[in-house]
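Below is one structure, written out as structure tokens; comments come after it.
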Amino acid sequence: MEELLINAIEHGNLNITYSEKTKAIQEDTFEQLVHERLNNQFYKDKKVTISFCQTASYDEWQIEDEGNGFDPSEIPTFTTLSQIQQLHGRGILISRFQFDEIEYKNDGKLVRIRRYANTAR
């Protein structure tokens, strides 16, 4: 869930693109980029909302940001070892292994994740 929260903050609310993050990591300026966005009037007051529901059958979380959203069909599949070993961009892949269901709604601004009871991990 940590990966999805980071995505909501960085890519959603702060609108840091994959390319911008890659460049900032390579140039060792990522922390500076985040601080610049956090101090920008357009981004600084955006919130991430987390809700939780527990039933006898499952635990479910919803994480919603106030960003522009994205097209979930554009999420990379990470089929090669070199893609998996990248410094970032693997959060959704990691989440797919941790949860039984991941669903994007509201133009990608909301992610619903569910873990069923009695699911072996």
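Things to note:
- Residue count for region 7-30, restricted to those that are among the hydroxyl-bearing types (Ser, Thr, Tyr), open to solvent by less than 70 Å² (accessible area, probe 1.4 Å) and without any contact (Cβ under 8 Å) to a residue 12 or more places away in the chain: 2
- The residues of region 46-60 that are within 12 Å of ARG112 (Cα to Cα) and in contact with a Leu (Cβ under 8 Å, 6 or more places away or on another chain) amount to a single one, ILE50.
- Checklist (1) at pLDDT below 95; (2) in contact with a helix residue (DSSP H, G or I) (Cβ under 6 Å, 6 or more places away or on another chain) applied to TYR18, failing item: (2)
- So TYR58, is it within 22 Å of PHE97 (Cα to Cα), within 14 Å of the chain's Cα centre (by Cα) and aromatic (Phe, Trp, Tyr): no
The values are calculated or read from the model by the stated rules, or taken from the named source; none is laboratory data. Computed from a predicted structure; not experimentally measured. Positions of Cβ are backbone-derived with ideal geometry, glycine not excepted, and every protein chain shown enters the neighbour counts. The area values use the complete protein model at the heavy-atom level, side chains included, leaving out ligands, DNA and RNA. Shrake-Rupley method; radii C 1.70, N 1.55, O 1.52, S 1.80 Å.
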